[in-house]
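Worksheet for the structure shown next.
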C-alpha cells in the first residue's frame with residue numbers, strides 16, 4: 001500500500017488543534033495509518049495530575065486497537081508550542097515508541113512533520129533499536 005505522506009501530515013497538523021494542553025501548551029497531533037488503509041487520529045490530552053495525561057500517538061493507537069485494528073504502516077506526528085509560527089520535528093516519546101513496538105514491525109514509518117510538505121521519516125527500528133517487544137515474552 002502506498003503511503004500518502006502529505007495527507008497524513010495534513011491530518012496530524014489539523015489534530016494539533018484538538019489538543020487539550022492547559023499546562024504545557026505543547027500541542028501534538030497524530031495520524032496513524034493502518035495496514036488496511038484506515039487513518040486513526042489522536043491528540044495529546046493533559047491532566048492536572050500529569051500521569052493520567054496521554055500522548056497523541058497513543059491516543060491514535062488505542063482508538064485503532066479498541067476497534068480491532070492491530071496492524072499499522074505509518075504514523076505522522078506534528079507537535080510544538082500552541083502558538084508556534086513554525087514547528088520543529090517532534091519525535092515520539094519513549095512510552096509512545098514502546099506502544100509502537102507492541103503493534104508495529106521494524107519498517108513501520110514514523111513521519112515527523114514540520115508542515116504538509118516538510119517532514120522527516122525514520123523507521124521504528126531506527127527510533128527504537130534493540131527494542132523490547134512481544135517476541136521477548138512470547139518467544
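Can you give the angle from 0 to 90° between the axis of helix 56-66 and the longest principal axis of the chain, with both taken from C-alpha atoms, to the nearest 10?
Taking the Cα atoms of the chain, the angle to 56-66 is about 50 degrees.
To the nearest 500 deg cm²/dmol, what mean residue ellipticity at 222 nm is calculated for the chain from DSSP H runs of n ≥ 4 alone, each contributing -39,500 (n - 2.57), summed and divided by the residues? Don't skip to the answer; put the middle values down first.
Details: 5 runs with 41 residues, N = 139.
After summing the helix terms and dividing by the residues of the chain, the value is -8000 deg cm²/dmol.
Using label points projected 7 Å from each Cα along Cα→Cβ, tell me how many nm separate residue 125 and residue 36, to one decimal.
Rounded to a tenth, the inter-label distance reads 2.7 nm.
Determine, at each q value in 0.09, 0.12, 0.15 (inverse angstroms), the log₁₀ of I(q)/I(0) that the Debye formula gives when each Cα of segment 1-110 is one equal point scatterer.
After summing over all Cα pairs, the log10 values are -0.21, -0.37, -0.57.
By counting other Cβ atoms within 10 Å of each Cβ, how are 62, 72, 132 ranked from fewest to most?
The order, fewest Cβ neighbours first, is 132, 62, 72.
Rank the residues 122, 99 as a footprinting-exposure proxy: fewest other Cβ atoms within 10 Å of their Cβ go first.
Neighbour counts put them in this order, fewest first: 122, 99.
Please report how far the C-alpha centroid of segment 114-139 lies from that of segment 28-64, rounded to the nearest whole angstrom.
If we compute the Cα centre of each part, the gap is 16 Å.
Pop the C-beta distance of residue 91 and residue 20 into the FRET formula with R0 = 25 Å and round what comes out to the nearest 0.05.
Calculated value: 0.75.
Read-outs: derived from the displayed coordinates by stated rules, not from any lab. As the structure is a computational prediction, the values presented were derived from the model and not from experiment. FYI the Cβ positions are ideal-geometry reconstructions off the backbone, even for glycines, and counts take in every protein chain you see.
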